[in-house]
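Engineer: Have a look at this one.
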Amino acid sequence: MHPAGKIIESRLQHLETHLEQENPVLLETVKSFRTLDEIGFKLGLLEGDNSYSMQIPWWPLISILGTFSAGKSTFINHYIGHKIQRSGNQAVDDKFTVICYSREETGHALPGVALDSDPRFPFYQMSDEIEKVATGEGARIDAYLQLKTCPSDKLRGKIVIDSPGFDADAQRTATLRITDHIIGLSDLVLVFFDARHPEPGAMRDTLDHLIDDTINRPDSGKFLYILNQIDTTARENNPEDVIAAWQRALGERGLTAGRFYTIYSPEAAIPIEDTALRERYEQKRDQDLKDIHGRMEEVEIERAYRIVGALEKTARDIEERSIPLVAKTLKRWRKRVFWGDGVLIGGLLALLLFFSIKANYWKGFSFTPPWLLDAAGNPIFNPWLLLIPLLLVFGAIHFSVRSLAAKSLIASLHKQSEAAGLLCNPLGSFLRSTKPWRSMLMRAPAGWGRRTRARLTEVIKSTDNYVQTLNDRFTNPSGNSLKTAHHSAAPEDSTDTAPAEEIATAQEQNA
Ligand SMILES: Nc1nc2c(ncn2[C@@H]2O[C@H](COP(=O)(O)OP(=O)(O)OP(=O)(O)O)[C@@H](O)[C@H]2O)c(=O)[nH]1
Ligand SMILES: [Mg+2]
């Protein structure tokens, strides 16, 4: 059973059932994610009904963006071979449609809430995101998102997102936010333009958004720019001019030719009378369509590496960033407690000493205040007993100082973890490590022992293994099946694991 409880457990099982057929390597990674979850819970870095595996999208995501009426929906219908999306000459789509595979013949359309609450989909908890930028809109998630299922084999193991036509001026914050979110999550983004707009200059604002914002990203390789409906240029006197104008406009923005495609829909196109011209158009279209579809298939491979990458990133996030941050904050905390105790307890002791000396309560080293002595001058009780209430007071001071010192560091810890963009919640670990029953002498965060470290190292090692297996499989597609490839993967080369071990020892020494 998953430490977070039943809901997460059933989600993980669901995921495992899917992956069992689709990709056994990824099935293994779920096991590693489970280990990370256990470690996270033990350390207090993971809280509530949560799992590290739910922080990443498990399905390869292909999103189709672009100007309105550019033919996005028509392209998707053609690709999956089902007329699942409506198309039309007016702006048709006003929401994002997540299209995924389902065995059932009759497709289903589900409201956005379904997407918002199921972590298997890329819009998990999207309403929170929307709410952050557009107050009140989060509750209207159904106005922005919908889910459709379709039994097309093309959709197996991937998700395609159709989006509303992009119009920078009219776009509301919530829609832009969703667009950004999709771009961030997508493994492949097809950006559609419409060759019917002969003058790309007229779409300056839109181009700014769709190109300038994407071209300089570190993941810019995942964007393909597609000039669609070029069949309409066949009637122009100089059809090549239209394409050249677009190419120039995109080129000026730094786009390289390799990712610029010109296509049109075989079904929606207007017939081209001139045979020679038609053949030239069809040839170009088929070549580009083949490339685009090829990229869409490749996404499944990239997805596998992305998930293994996320696994390693999460493990390293714990070991190299979250735990050191907690350890650093614990050090500051100990310092504050030390000084707090020193000032308050030391001060109190000094005061007591000062006044008792002044009141002549001391005879040499024996404490003899008049109220402790009976008529005969003998103490009523052993003066050492006075230490008990004194120690109780000191204890109360010490534990208040600990708690206050911890509270005083929460804001700073929170800020640092936000700034670092941690996947973990170091606050939980910090609070757990400063609990009253935990000795001040323990330097490492609570739960961060030899065993936990070893398990984490094991997970990091396993990611190398997964990568190897994926390499074997994808560079040798006709050879071993995934399962056998995985089992025959070479045993871990000890030099590969050196960095992880070094870190563990370095951390031990730091502690
Ligand atoms: N001539 C021609 N028409 C096309 C082509 N692709 C799509 N169309 C037509 O263009 C219109 C718009 O197509 P859609 O697929 O609805 O465009 P969209 O980008 O999904 O539009 P929105 O969802 O409204 O943003 C429809 O009437 C299509 O039949 C094409 O390659 N050539
Ligand atoms: Mg559409």
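The values are calculated or read from the model by the stated rules, or taken from the named source; none is laboratory data. Fair warning: this is a prediction, and the values are worked out from it, not measured in the lab. Methodologically, a virtual Cβ is constructed for each residue, glycine included, from the backbone with ideal geometry; neighbour enumeration extends over all protein chains shown. Ligands, DNA and RNA are stripped out before the accessible areas are found, and what is left, the full protein with its side chains, is counted by its heavy atoms. Shrake-Rupley method; radii C 1.70, N 1.55, O 1.52, S 1.80 Å.
Engineer: Expressed as a whole percentage, what fraction of the accessible surface of the stretch 105-242 belongs to carbon and sulfur atoms when a 1.4 Å probe is rolled over the protein heavy atoms? Mind dumping the intermediate values first?
Structural biologist: Working: 2630 of 5820 Å².
Carbon-and-sulfur percentage of accessible area, whole number: 45.
Engineer: Over the chain, what per residue volume does the convex hull of the Cα atoms give, in whole Å³? Don't skip to the answer; put the middle values down first.
Structural biologist: On the way: hull volume 110.0 nm³, N = 511.
Taking only Cα atoms, the chain has a hull volume of 215 Å³ per residue.
Engineer: Treating only the Cα positions of the stretch 361-434 as identical point scatterers, give the base-10 log of I(q)/I(0) from the Debye formula at each q in 0.14, 0.18, 0.21, 0.24 Å⁻¹.
Structural biologist: -0.63, -0.80, -0.93, -1.04
Engineer: Output needed for the stretch 1-102: three equivalent-ellipsoid semi-axes, defined as square roots of 5 times the C-alpha gyration tensor eigenvalues, in descending order, whole Å.
Structural biologist: For the stretch 1-102, the semi-axes come out at 38, 16, 11 Å.
Engineer: Whenever you get a sec, line up 322, 10 from highest to lowest accessible area (probe 1.4 Å, protein heavy atoms).
Structural biologist: Most to least solvent-accessible, the answer reads 10, 322.
Engineer: Over all distinct alpha-carbon pairs, what is the Kirkwood Rh of the stretch 74-188 in angstrom?
Structural biologist: After inverting the pairwise mean of 1/r, the radius is 14.6 Å.
Engineer: Using the reciprocal of the averaged 1/r over all distinct C-alpha pairs, how large is the Kirkwood radius of the stretch 266-313 in Å? Please report the intermediate quantities before stating the final value.
Structural biologist: Values: mean 1/r = 0.0744 Å⁻¹.
One decimal place: 13.4 Å for the Kirkwood radius.
Engineer: I'd like the distance between the alpha-carbon centres of the stretch 225-275 and the stretch 334-358, rounded to an integer number of Å.
Structural biologist: Cα centroid to Cα centroid, the span is 82 Å.
Engineer: In whole Å and largest first, what semi-axes does the C-alpha gyration tensor of the stretch 78-125 yield when each eigenvalue is scaled by 5 and square-rooted?
Structural biologist: After diagonalising the Cα gyration tensor, the semi-axes are 21, 16, 9 Å.
Engineer: Ranked by accessible surface with a 1.4 Å probe, highest first, in what order do 116, 142 come? Each step should come with its number before you reach the end.
Structural biologist: Working: 116 25, 142 65 Å².
Final ranking, largest accessible area leading: 142, 116.
Engineer: Please identify the longest segment of the chain free of exposed chymotrypsin sites (Phe, Trp or Tyr not before Pro), where exposed means a DSSP state other than H, G, I, E or B and no more than 15 other Cβ atoms within 10 Å.
Structural biologist: 1-364
Engineer: Distance from a point 7 Å along Cα→Cβ of residue 313 to each backbone N in the stretch 215-246: keep the residues under 11 Å and list them by number.
Structural biologist: So the set is 219.
Engineer: Next question, about the same structure. Provide the per residue accessible area, probe 1.4 Å, for the stretch 319-447, rounded to a whole number of square angstrom.
Structural biologist: Counting only protein heavy atoms, the per-residue value for the stretch 319-447 is 64 Å².
Engineer: Same structure, new question: Per DSSP H run of at least 4 residues, take -39500 (n - 2.57); add these up for the chain, divide by its residues and hand me the 222 nm value, nearest 500 deg cm²/dmol.
Structural biologist: Using -39500 (n - 2.57) per qualifying helix, the result is -16500 deg cm²/dmol.
Engineer: Which is the longest stretch in the chain that no exposed loop site breaks, taking sites as GluC sites (Glu not before Pro) with a DSSP loop state and at most 15 other Cβ atoms within 10 Å? Working shown, then result.
Structural biologist: Values: sites that count: 47, 104, 105, 236, 267, 273, 492.
Excluding the exposed sites themselves, the longest stretch runs over 274-491.
Engineer: In bins 5 Å wide, starting from 0, what share of all Cα pairs of the stretch 319-447 does each bin hold, as a percent?
Structural biologist: Per 5 Å bin, starting at zero, the Cα-Cα P(r) for the stretch 319-447 comes out as 2, 9, 16, 16, 12, 9, 8, 8, 6, 6, 4, 3, 1, 0, 0 percent.
Engineer: Share of the stretch 319-447's accessible area from carbon and sulfur, percent, 1.4 Å?
Structural biologist: The C+S portion of the solvent-accessible surface of the stretch 319-447 is 72 percent.
Engineer: Using protein chains only and a probe of 1.4 angstrom, how many square angstrom of residue 442 are accessible, to the nearest 10?
Structural biologist: The value for residue 442 is about 100 Å².
Engineer: What's the extension gain from residue 118 to residue 185 if we count 0.36 nm per residue and subtract their Cα-Cα distance?
Structural biologist: Using 0.36 nm per residue and subtracting the Cα-Cα distance, I get 22.6 nm.
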